[in-house]
Structures are given as C-alpha cells and as structure tokens.
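The values are calculated or read from the model by the stated rules, or taken from the named source; none is laboratory data. No experiment lies behind these values; they were computed from the predicted model shown. Ideal geometry is used to build each Cβ from the backbone, glycine not excepted, and the neighbour counts take in all protein chains shown.
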Amino acid sequence: MHTLDIAWSEDYATGIDIIDEQHKKLFELFAQVDSMTHTGSEDDIRYIVKQLLDYAISHNSFEEGLMEEAGYPMASSHKKIHDAFKERALSYEQKINNESNPKKLAREIRIDIGLWLINHIKREDRHYVNDVKAYLKKTSRKRKPLFGLLG
C-alpha cells in the first residue's frame, strides 16, 4: 500500500534554527508513526501517536511564546490557528485511546496532521519569520527547549 510521503524538505526551512529543528523532529515523529503502523503493537501505535500530538502542541506553544516576545503583530491570530489545531489533536488523542484497532486511525492522523503541518509551515509560519529573526538578532538570545522535549 502506498503511503503519502510526509517528510522534511528544505522548502519548509524558516531560517530560525530552533524552529527548524522542532519542525524536523515533528517529521521524524511522522516517520515513526508510519513505521509503527507496519511493525508496532497496538500499544506502540497509541504511544507514538500520542508523542506526535503532544510534541506538536508543545511546539505550537513554544512558537507562540517566541512570536509574542518578538512583538509579532499577528501573534494572537496565529495562536487562534494553533488553538483550533490543539482541539483537533486532543480529539485524536481521545479517539486513538478508545480505538480497538488503532492502525487505521494512526494512518489517518498521520496524513491529516502531516498535511496540516506542511500547509501551516508554508502558509502561516512564513509570516512571523522576519519579526522573529530581527528579535533574535537584536537580543542574541538562544532559546532553550521547553520542558526538555523540544529541540
């Protein structure tokens, strides 16, 4: 069966190292979800899907903090997009936990969330790049990963 290729591409690079590292980590998690749907147990599948969704939510929170610190004028609009994503991700977490056969749902989640991420990076994240880069250059501050999970 052919699966949609959801993989990191340099086309998604923002030029903000910490954001690009986190985006790459998300794509690594998509690959792990794909792998687990072929070789993993039901518990393994549930676990890696939860890791993906939790990391995506944490990444979005990190991004929001960075936009706010940078004074990005559209930060609140961007946060609303993230809030809608969070609802979707939490709904998927509930569904996967209650699913008797999580393999099919994990594939659906991988494609849905993967396409969402690709579109979000290409369409939404691009808008804050200049503000955040200027802020980081001005402060010369290196961001540390949140909760030890991001980075």
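Please find, among 100, 91, the residue that is at pLDDT below 95 and over 23 Å from residue 139 (Cα atoms). Quick ask: steps written out before the conclusion?
Working: 91 fails: at pLDDT below 95.
Just one listed residue meets the conditions, 100.
May I ask you to list pairs of residues, at least six apart or on different chains, whose Cβ atoms are under 7 Å apart, with the first in the range 37-48 being in contact (Cβ under 8 Å) with a residue 40 or more places away in the chain and the second being among the charged types (D, E, K, R) and assigned to a helix (DSSP H, G or I)?
Pairs that qualify, where the first residue is in contact (Cβ under 8 Å) with a residue 40 or more places away in the chain and the partner is among the charged types (D, E, K, R) and assigned to a helix (DSSP H, G or I), are 37/103; 37/107; 45/103.
For the range 90-107, which residues satisfy the criterion of being surrounded by fewer than 13 Cβ atoms within 10 Å (Cβ to Cβ) and either assigned to a helix (DSSP H, G or I) or of a type in the set (Asp, Glu) (or both)?
91, 94, 97, 98, 104, listed by residue number.
Only residues in the range 103-129 that are more than 14 Å from residue 27 (Cα to Cα) count as the first member; pair them with residues that are surrounded by fewer than 18 Cβ atoms within 10 Å (Cβ to Cβ) and of a type in the set (Asp, Glu), Cβ under 8 angstrom, at least 6 apart or cross-chain, and list the lot.
Note: pairs meeting the criteria are 103/42; 105/99; 122/11.
Here is a check on your reading of the model: is residue 69 out of contact with any Cys (no Cβ under 7 Å at 6 or more places or on another chain), within 22 Å of residue 135 (Cα to Cα), touching a residue at least 24 places away in the same chain (Cβ under 8 Å) and among the charged types (D, E, K, R)?
yes
Taking the range 1-43 on its own, how many of its residues are crowded, with 17+ Cβ neighbours inside 10 Å and acidic (Asp, Glu)?
Counting residues in the range 1-43 that are crowded, with 17+ Cβ neighbours inside 10 Å and acidic (Asp, Glu) gives 1.
All but one of (1) within 29 Å of residue 138 (Cβ to Cβ); (2) free of Cβ contacts under 8 Å to residues at least 40 places away in the same chain; (3) not in a helix (DSSP H, G or I) hold for residue 14, so report the exception by its number.
Residue 14 satisfies all of (1) within 29 Å of residue 138 (Cβ to Cβ); (2) free of Cβ contacts under 8 Å to residues at least 40 places away in the same chain; (3) not in a helix (DSSP H, G or I) except (2).
How many of the residues in the range 2-51 are within 14 Å of the chain's Cα centre (by Cα) and charged (D, E, K, R)?
Result for the range 2-51: 6.
Residues being buried (at least 19 other Cβ atoms within 10 Å of the Cβ) and β-branched (Val, Ile, Thr): count how many of those fall in the range 47-71.
2
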